[in-house]
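Following: one structure in structure tokens, then a few remarks.
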Amino acid sequence: MAVEKPIGFIPEQEQAIEQMVEVDGSAFADDLAPNVEMMEDGSALIGEQEQVITSSFDMNIAEVLDDDTLNLISSELRQAFEDDKASRKDWEETYKKGLDKKDNH
């Protein structure tokens, strides 16, 4: 059973997914590691669960995420921005040169 991981997993979640084992219909939580809780819908909770967060579409998740998670997201976004900016540097220079030539004619 392949497990697809969405982008942006934190390392602890990634390790937990790598440690997951395939569970058939006859297996129950007793057969699993002590930090895995099987849910009625077939999903599993891995690790200790601190709290359940009720959410709505328009809520500000930055108010409920811990600082480590926010720092990780911030670092990833900043790096993606810097990579994007660097990748278009040549294009920007060419564009500026084209505008300078147009102004001189």
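Data overview
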read-out	value
Subset of the range 63-98 [surrounded by 10 or more Cβ atoms within 10 Å (Cβ to Cβ) and aliphatic (A, V, I, L, M)]	64, 65, 70, 72, 73, 77, 80
Test: residue in the range 50-67 that is modelled with pLDDT under 80, among the hydrophobic types (A, V, I, L, M, F, W, C) and not in a helix (DSSP H, G or I)	yes
Selection count, the range 68-89, where residues are in a loop (DSSP other than H, G, I, E, B) and under 14 Å from the mean Cα position of the chain (by Cα)	0
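The values are calculated or read from the model by the stated rules, or taken from the named source; none is laboratory data. Bear in mind the structure is a predicted one, so any value in this text is a computation, not a measurement. In this analysis, Cβ positions are derived from the backbone assuming ideal geometry, glycine residues included, and neighbour counts consider all displayed protein chains.
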